[in-house]
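A.B. asks: Here it is, the structure in full.
The values are calculated or read from the model by the stated rules, or taken from the named source; none is laboratory data. Just so it is clear, the structure is predicted and the values come from calculations on it, not from any experiment. Cβ: placed from backbone, ideal geometry, glycine included. Neighbour counts: every protein chain shown. Just so you know, the surface numbers come from the protein's heavy atoms only, side chains and all, with ligands and any DNA or RNA stripped out. Shrake-Rupley method; radii C 1.70, N 1.55, O 1.52, S 1.80 Å.
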Amino acid sequence: MKIGIPRALLYYYYVPFWKKFFEELKMEVIISEETNKVIVDKGVKESVPEICVPIKLFVGHAIQLLKQNVDYIFVPRMVSITKGEYFCPKFMGLPDMMKHGVEKMEDKILTCYIQSNSDDISDYKNYLSLAKSLGVNEEQIQNAAKVASEEWLTFRMYNKLGYTVPKAIELTKNTYTVKPAKEYKSKSSLRIGLLGYVYNIYDPFINMDVIEKLRELQVEFITFDMMDEQTLVESIEQMEKVLFWTFSNKVLGAGYHLFNRSDLDGIIQITAFGCGPDSFLSKLFEIKSDETGIPFMMVRVDEHTGENHLQTRIEAFIDMLKRKKQLG
(Lines give C-alpha, C1' and ligand atoms only; values in the text may rest on other atoms or scores of the structure.)
Protein backbone atom coordinates (compact mmCIF):
# COMPACT_ATOMS: atom_id res chain seq x y z
CA MET A 1 0.00 0.00 0.00
CA LYS A 2 1.32 3.45 -0.95
CA ILE A 3 0.93 6.31 1.55
CA GLY A 4 1.58 9.82 0.28
CA ILE A 5 2.88 12.58 2.56
CA PRO A 6 2.71 16.14 1.19
CA ARG A 7 5.96 18.09 1.51
CA ALA A 8 4.19 21.02 3.17
CA LEU A 9 3.00 22.43 6.52
CA LEU A 10 4.13 20.21 9.41
CA TYR A 11 6.06 17.90 7.12
CA TYR A 12 8.97 20.09 8.23
CA TYR A 13 8.46 19.15 11.87
CA TYR A 14 6.96 15.67 12.01
CA VAL A 15 7.98 13.84 8.84
CA PRO A 16 10.68 11.77 10.63
CA PHE A 17 7.91 10.34 12.82
CA TRP A 18 5.21 9.91 10.19
CA LYS A 19 7.50 8.39 7.57
CA LYS A 20 9.03 5.89 9.99
CA PHE A 21 5.61 5.05 11.43
CA PHE A 22 4.18 4.00 8.07
CA GLU A 23 7.36 2.22 7.06
CA GLU A 24 7.22 0.14 10.23
CA LEU A 25 3.71 -0.88 9.18
CA LYS A 26 5.21 -2.12 5.88
CA MET A 27 3.72 0.69 3.83
CA GLU A 28 5.49 2.32 0.92
CA VAL A 29 5.87 6.01 1.74
CA ILE A 30 5.83 8.53 -1.12
CA ILE A 31 6.92 12.09 -0.34
CA SER A 32 5.81 14.71 -2.83
CA GLU A 33 8.61 16.42 -4.73
CA GLU A 34 10.01 19.77 -3.66
CA THR A 35 7.76 22.76 -4.24
CA ASN A 36 7.86 24.11 -7.78
CA LYS A 37 5.78 26.45 -9.93
CA VAL A 38 3.51 23.64 -11.18
CA ILE A 39 2.67 22.60 -7.60
CA VAL A 40 2.04 26.21 -6.58
CA ASP A 41 -0.20 26.87 -9.58
CA LYS A 42 -2.21 23.68 -8.96
CA GLY A 43 -2.68 24.57 -5.31
CA VAL A 44 -3.76 28.12 -6.11
CA LYS A 45 -6.24 26.91 -8.72
CA GLU A 46 -7.91 24.37 -6.41
CA SER A 47 -7.99 26.59 -3.30
CA VAL A 48 -10.23 29.46 -2.30
CA PRO A 49 -8.45 32.78 -2.95
CA GLU A 50 -8.68 33.99 0.66
CA ILE A 51 -6.72 31.11 2.20
CA CYS A 52 -3.03 31.50 3.15
CA VAL A 53 -0.27 30.34 0.83
CA PRO A 54 0.96 27.45 3.05
CA ILE A 55 -2.46 25.78 2.72
CA LYS A 56 -2.45 26.40 -1.03
CA LEU A 57 0.94 24.71 -1.20
CA PHE A 58 -0.38 21.72 0.75
CA VAL A 59 -3.23 21.35 -1.75
CA GLY A 60 -0.75 21.49 -4.62
CA HIS A 61 1.47 18.83 -3.06
CA ALA A 62 -1.53 16.57 -2.42
CA ILE A 63 -2.60 16.88 -6.06
CA GLN A 64 0.92 15.99 -7.13
CA LEU A 65 0.73 12.83 -5.00
CA LEU A 66 -2.51 11.80 -6.72
CA LYS A 67 -0.58 11.59 -9.98
CA GLN A 68 1.79 9.10 -8.33
CA ASN A 69 -1.08 6.66 -7.77
CA VAL A 70 -0.89 6.59 -4.00
CA ASP A 71 -3.59 4.65 -2.15
CA TYR A 72 -3.94 7.32 0.53
CA ILE A 73 -2.70 10.81 1.28
CA PHE A 74 -1.98 11.33 4.98
CA VAL A 75 -3.68 14.48 6.29
CA PRO A 76 -3.80 14.36 10.11
CA ARG A 77 -6.28 16.53 11.99
CA MET A 78 -3.87 18.50 14.16
CA VAL A 79 -5.81 19.70 17.21
CA SER A 80 -3.57 20.47 20.18
CA ILE A 81 -0.12 19.69 21.58
CA THR A 82 -0.31 22.09 24.52
CA LYS A 83 -2.98 22.35 27.19
CA GLY A 84 -5.25 25.31 26.55
CA GLU A 85 -3.73 26.01 23.11
CA TYR A 86 -4.70 24.81 19.65
CA PHE A 87 -3.57 24.65 16.08
CA CYS A 88 -4.82 27.16 13.55
CA PRO A 89 -8.42 26.25 12.57
CA LYS A 90 -7.19 25.61 9.03
CA PHE A 91 -5.05 22.75 10.37
CA MET A 92 -7.96 21.30 12.30
CA GLY A 93 -10.26 21.48 9.31
CA LEU A 94 -7.69 20.45 6.69
CA PRO A 95 -8.88 16.83 6.23
CA ASP A 96 -12.44 18.05 5.54
CA MET A 97 -11.17 20.84 3.33
CA MET A 98 -9.23 18.32 1.24
CA LYS A 99 -12.04 15.74 1.08
CA HIS A 100 -14.81 18.11 0.08
CA GLY A 101 -12.95 20.97 -1.57
CA VAL A 102 -10.42 19.29 -3.86
CA GLU A 103 -11.46 17.15 -6.82
CA LYS A 104 -10.81 13.37 -6.56
CA MET A 105 -9.68 13.60 -2.92
CA GLU A 106 -12.76 12.28 -1.12
CA ASP A 107 -11.66 8.62 -1.03
CA LYS A 108 -7.94 9.33 -0.78
CA ILE A 109 -7.63 11.15 2.54
CA LEU A 110 -6.21 9.14 5.44
CA THR A 111 -6.69 11.05 8.66
CA CYS A 112 -6.57 10.74 12.43
CA TYR A 113 -7.22 13.00 15.39
CA ILE A 114 -3.93 14.14 16.98
CA GLN A 115 -3.96 15.61 20.45
CA SER A 116 -1.09 15.61 22.94
CA ASN A 117 0.28 17.46 25.96
CA SER A 118 3.65 18.07 24.30
CA ASP A 119 5.38 18.25 20.92
CA ASP A 120 5.78 14.47 21.09
CA ILE A 121 2.73 13.13 19.25
CA SER A 122 3.84 9.49 19.38
CA ASP A 123 1.05 8.15 21.62
CA TYR A 124 -0.18 5.21 19.57
CA LYS A 125 -3.79 5.95 20.54
CA ASN A 126 -3.66 8.96 18.21
CA TYR A 127 -3.28 6.53 15.30
CA LEU A 128 -5.60 3.66 16.20
CA SER A 129 -8.29 4.99 13.87
CA LEU A 130 -5.95 4.23 10.95
CA ALA A 131 -5.84 0.49 11.67
CA LYS A 132 -8.87 -0.54 9.61
CA SER A 133 -7.86 1.44 6.51
CA LEU A 134 -4.29 0.12 6.69
CA GLY A 135 -5.25 -3.46 7.52
CA VAL A 136 -3.20 -3.63 10.71
CA ASN A 137 -3.98 -4.26 14.38
CA GLU A 138 -3.52 -2.32 17.62
CA GLU A 139 -0.26 -4.05 18.52
CA GLN A 140 1.28 -3.18 15.17
CA ILE A 141 0.21 0.45 15.57
CA GLN A 142 1.71 0.55 19.06
CA ASN A 143 5.03 -0.95 17.98
CA ALA A 144 5.29 1.32 14.93
CA ALA A 145 4.61 4.42 17.03
CA LYS A 146 7.33 3.40 19.50
CA VAL A 147 9.99 3.00 16.82
CA ALA A 148 8.90 6.19 15.05
CA SER A 149 9.09 8.11 18.33
CA GLU A 150 12.77 7.23 18.68
CA GLU A 151 13.35 8.47 15.13
CA TRP A 152 11.61 11.78 15.83
CA LEU A 153 13.44 12.32 19.13
CA THR A 154 16.77 11.79 17.35
CA PHE A 155 15.75 14.30 14.71
CA ARG A 156 14.79 16.85 17.36
CA MET A 157 18.08 16.29 19.17
CA TYR A 158 20.03 17.30 16.07
CA ASN A 159 17.63 20.15 15.31
CA LYS A 160 18.09 21.63 18.78
CA LEU A 161 21.85 21.35 18.44
CA GLY A 162 21.63 24.02 15.76
CA TYR A 163 21.10 22.00 12.58
CA THR A 164 18.40 23.08 10.14
CA VAL A 165 15.43 20.75 9.69
CA PRO A 166 16.69 19.30 6.35
CA LYS A 167 20.15 18.66 7.82
CA ALA A 168 18.69 17.16 11.00
CA ILE A 169 16.57 14.80 8.88
CA GLU A 170 19.66 13.78 6.92
CA LEU A 171 21.63 13.12 10.10
CA THR A 172 18.74 11.15 11.59
CA LYS A 173 18.70 8.77 8.62
CA ASN A 174 22.27 7.78 9.49
CA THR A 175 21.66 7.44 13.24
CA TYR A 176 20.20 4.31 14.76
CA THR A 177 20.39 5.21 18.44
CA VAL A 178 20.20 8.54 20.24
CA LYS A 179 23.77 9.57 21.01
CA PRO A 180 25.64 12.77 21.86
CA ALA A 181 26.54 15.04 18.97
CA LYS A 182 28.60 18.18 18.66
CA GLU A 183 26.68 21.41 18.43
CA TYR A 184 26.71 22.96 14.98
CA LYS A 185 28.67 26.21 14.95
CA SER A 186 29.24 28.65 12.12
CA LYS A 187 32.34 30.78 11.53
CA SER A 188 30.18 33.73 10.49
CA SER A 189 30.79 37.06 12.18
CA LEU A 190 27.14 38.10 11.83
CA ARG A 191 24.38 36.31 13.70
CA ILE A 192 20.64 36.84 13.34
CA GLY A 193 17.37 35.35 14.48
CA LEU A 194 15.25 33.89 11.66
CA LEU A 195 11.65 33.80 12.85
CA GLY A 196 8.71 32.07 11.22
CA TYR A 197 6.83 28.79 11.04
CA VAL A 198 8.84 25.83 9.83
CA TYR A 199 6.89 25.62 6.57
CA ASN A 200 7.74 29.25 5.75
CA ILE A 201 11.39 28.97 6.78
CA TYR A 202 12.27 25.65 5.17
CA ASP A 203 10.36 25.60 1.88
CA PRO A 204 13.05 26.99 -0.46
CA PHE A 205 10.65 27.77 -3.30
CA ILE A 206 8.14 29.91 -1.48
CA ASN A 207 10.77 31.91 0.45
CA MET A 208 13.19 32.01 -2.51
CA ASP A 209 15.70 29.93 -0.52
CA VAL A 210 16.33 32.48 2.20
CA ILE A 211 18.56 30.05 4.10
CA GLU A 212 20.91 29.61 1.16
CA LYS A 213 20.96 33.37 0.67
CA LEU A 214 21.99 33.92 4.29
CA ARG A 215 24.73 31.33 3.91
CA GLU A 216 25.99 33.08 0.77
CA LEU A 217 26.12 36.28 2.78
CA GLN A 218 28.04 34.40 5.52
CA VAL A 219 25.36 34.96 8.14
CA GLU A 220 24.71 32.56 11.01
CA PHE A 221 21.08 32.22 12.04
CA ILE A 222 18.94 30.59 14.71
CA THR A 223 15.31 29.51 14.28
CA PHE A 224 12.66 28.63 16.87
CA ASP A 225 12.93 24.90 16.15
CA MET A 226 16.60 25.01 17.17
CA MET A 227 15.64 26.20 20.65
CA ASP A 228 14.57 24.21 23.69
CA GLU A 229 10.81 24.13 24.24
CA GLN A 230 11.15 25.27 27.85
CA THR A 231 13.01 28.40 26.73
CA LEU A 232 10.16 29.25 24.38
CA VAL A 233 7.59 28.85 27.17
CA GLU A 234 9.55 30.83 29.75
CA SER A 235 10.12 33.73 27.35
CA ILE A 236 6.39 34.58 27.23
CA GLU A 237 5.45 33.74 30.82
CA GLN A 238 5.30 37.43 31.69
CA MET A 239 2.40 37.95 29.29
CA GLU A 240 -1.02 38.27 30.92
CA LYS A 241 -2.43 36.04 28.20
CA VAL A 242 -0.66 34.04 25.52
CA LEU A 243 -2.03 33.44 22.02
CA PHE A 244 -4.49 30.65 21.24
CA TRP A 245 -2.20 29.03 18.69
CA THR A 246 0.68 26.81 19.80
CA PHE A 247 3.10 27.38 16.94
CA SER A 248 2.45 31.11 17.06
CA ASN A 249 3.44 31.01 20.73
CA LYS A 250 6.60 29.10 19.81
CA VAL A 251 7.62 31.77 17.32
CA LEU A 252 6.64 34.53 19.76
CA GLY A 253 8.65 32.90 22.55
CA ALA A 254 11.64 32.57 20.25
CA GLY A 255 11.35 36.21 19.23
CA TYR A 256 11.12 37.50 22.79
CA HIS A 257 14.08 35.37 23.81
CA LEU A 258 16.20 36.47 20.84
CA PHE A 259 15.41 40.17 21.30
CA ASN A 260 16.88 39.88 24.81
CA ARG A 261 20.14 38.31 23.64
CA SER A 262 23.23 40.46 23.32
CA ASP A 263 24.92 38.22 20.75
CA LEU A 264 22.42 38.87 17.94
CA ASP A 265 22.88 41.55 15.29
CA GLY A 266 19.34 41.53 13.94
CA ILE A 267 16.13 39.56 13.44
CA ILE A 268 14.18 38.66 10.29
CA GLN A 269 10.63 37.33 10.30
CA ILE A 270 9.33 35.35 7.31
CA THR A 271 5.54 35.41 7.23
CA ALA A 272 2.95 34.30 4.69
CA PHE A 273 0.34 36.67 3.31
CA GLY A 274 -3.06 35.99 4.82
CA CYS A 275 -1.82 34.58 8.13
CA GLY A 276 -3.95 36.08 10.91
CA PRO A 277 -1.79 35.10 13.91
CA ASP A 278 1.32 36.56 12.26
CA SER A 279 -0.32 39.98 12.13
CA PHE A 280 -0.11 39.91 15.94
CA LEU A 281 3.46 38.62 16.01
CA SER A 282 4.87 41.17 13.58
CA LYS A 283 3.52 44.07 15.62
CA LEU A 284 4.82 42.62 18.88
CA PHE A 285 8.26 42.14 17.31
CA GLU A 286 8.28 45.73 16.08
CA ILE A 287 7.62 46.90 19.64
CA LYS A 288 10.42 44.67 20.97
CA SER A 289 12.78 46.02 18.33
CA ASP A 290 12.08 49.59 19.45
CA GLU A 291 12.62 48.59 23.10
CA THR A 292 15.87 46.68 22.60
CA GLY A 293 17.42 48.49 19.65
CA ILE A 294 17.93 45.23 17.75
CA PRO A 295 17.08 45.79 14.05
CA PHE A 296 14.03 43.90 12.82
CA MET A 297 12.68 43.24 9.33
CA MET A 298 9.47 41.45 8.39
CA VAL A 299 9.33 39.77 4.98
CA ARG A 300 5.88 38.72 3.72
CA VAL A 301 5.73 36.05 1.03
CA ASP A 302 2.93 34.71 -1.15
CA GLU A 303 2.53 32.79 -4.39
CA HIS A 304 3.47 35.92 -6.36
CA THR A 305 6.65 36.83 -4.46
CA GLY A 306 9.50 37.71 -6.81
CA GLU A 307 12.99 36.40 -6.13
CA ASN A 308 14.74 39.68 -6.87
CA HIS A 309 12.47 41.60 -4.53
CA LEU A 310 13.05 39.24 -1.61
CA GLN A 311 16.79 38.84 -2.09
CA THR A 312 17.34 42.58 -2.52
CA ARG A 313 15.57 43.28 0.78
CA ILE A 314 17.58 40.64 2.64
CA GLU A 315 20.87 41.77 1.12
CA ALA A 316 20.14 45.39 2.06
CA PHE A 317 19.21 44.42 5.63
CA ILE A 318 22.35 42.31 6.10
CA ASP A 319 24.50 45.06 4.62
CA MET A 320 22.99 47.50 7.12
CA LEU A 321 23.76 45.12 9.99
CA LYS A 322 27.36 44.69 8.85
CA ARG A 323 27.85 48.45 8.61
CA LYS A 324 26.29 48.93 12.05
CA LYS A 325 28.64 46.32 13.51
CA GLN A 326 31.71 47.88 11.87
CA LEU A 327 30.83 51.26 13.32
CA GLY A 328 30.55 49.65 16.77
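A.B. asks: Obtain the nm distance between the two label points defined at LYS325 and ASP119 by a simple spin-label model: each point lies 7 Å from its Cα along the Cα-to-C-beta direction.
C.D. replies: The two pseudo-label positions are separated by 2.6 nm.
A.B. asks: Here's a follow-up. Calculated FRET efficiency, ASN137 and LYS37, Cβ-Cβ r, R0 41 Å, to nearest 0.05? Could the numbers behind the result be given before it?
C.D. replies: Details: r = 43 Å, r/R0 = 1.05.
Working from the Cβ atoms, E equals 0.40.
A.B. asks: Another question, then. Given a 1.4 angstrom probe, what's the average accessible area per residue across the range 30-122, in square angstrom? The partial results should precede the final answer.
C.D. replies: Details: 4350 Å² over 93 residues.
Dividing the accessible area of the range 30-122 by its residue count gives 47 Å².
A.B. asks: Report, by chain and number, residues whose modeled amide H sits under 5 Å from the one on ALA272, excluding near sequence neighbours (fewer than 5 apart, same chain).
C.D. replies: When sequence neighbours closer than 5 places are left aside, the close amide H contacts are VAL301.
A.B. asks: Restricting to DSSP loop positions (anything but H, G, I, E, B) with no more than 16 other Cβ atoms inside 10 Å of their own Cβ, which trypsin sites (Lys or Arg not before Pro) remain in the range 1-102? Don't jump to the answer; show the numbers that get you there.
C.D. replies: Working: sites: LYS2, ARG7, LYS19, LYS20, LYS26, LYS37, LYS42, LYS45, LYS56, LYS67, ARG77, LYS83, LYS90, LYS99; in loops: ARG7, LYS26, LYS67, LYS83.
Of the trypsin sites (Lys or Arg not before Pro), the ones in loops of the range 1-102 whose Cβ has at most 16 other Cβ atoms within 10 Å are LYS26, LYS67, LYS83.
A.B. asks: Moving on to the next point. Need one number: nm distance between label points at ARG313 and LYS104, each 7 Å from Cα along Cα→Cβ, rounded to one decimal.
C.D. replies: Spacing of the two 7 Å Cα→Cβ label points: 3.6 nm.
A.B. asks: Rank SER248, LEU284, VAL219 by how far each Cα sits towards the positive end of the charge dipole of the range 207-289 (+1 on Lys, Arg Cβ; -1 on Asp, Glu Cβ) and give me just the farthest.
C.D. replies: The listed residue farthest towards the positive side: LEU284.
A.B. asks: As an exercise, identify the trypsin sites (Lys or Arg not before Pro) in the range 236-300 lying in DSSP coil whose Cβ has no more than 15 other Cβ atoms within 10 Å. Don't skip to the end; give the middle numbers.
C.D. replies: Values: sites: LYS241, LYS250, ARG261, LYS283, LYS288, ARG300; in loops: LYS241, ARG261.
Hits after loop and neighbour filter: LYS241, ARG261.
A.B. asks: Here's a follow-up. The range 1-42: which GluC sites (Glu not before Pro) are DSSP loop and have at most 13 other beta-carbon atoms within 10 angstrom?
C.D. replies: Taking the range 1-42 and a limit of 13 other Cβ atoms within 10 Å, the loop GluC sites (Glu not before Pro) found are GLU33, GLU34.
A.B. asks: Further question on the same structure: Within the accessible area of the chain, what % is carbon and sulfur when the probe is 1.4 Å and the other protein chains stay in place?
C.D. replies: Carbon and sulfur together cover 50 percent of it.
A.B. asks: Before rounding to the nearest 500, sum -39500 (n - 2.57) across all DSSP H runs of length at least 4 in the chain and divide by the residue total; then give [θ] at 222 nm in deg cm²/dmol.
C.D. replies: After summing the helix terms and dividing by residue count, I get -14500 deg cm²/dmol.
A.B. asks: Can you tell me the length gained on complete extension of the stretch ASP71 to ASP263, counting 0.36 nm per residue apart and subtracting the Cα distance?
C.D. replies: 64.2 nm
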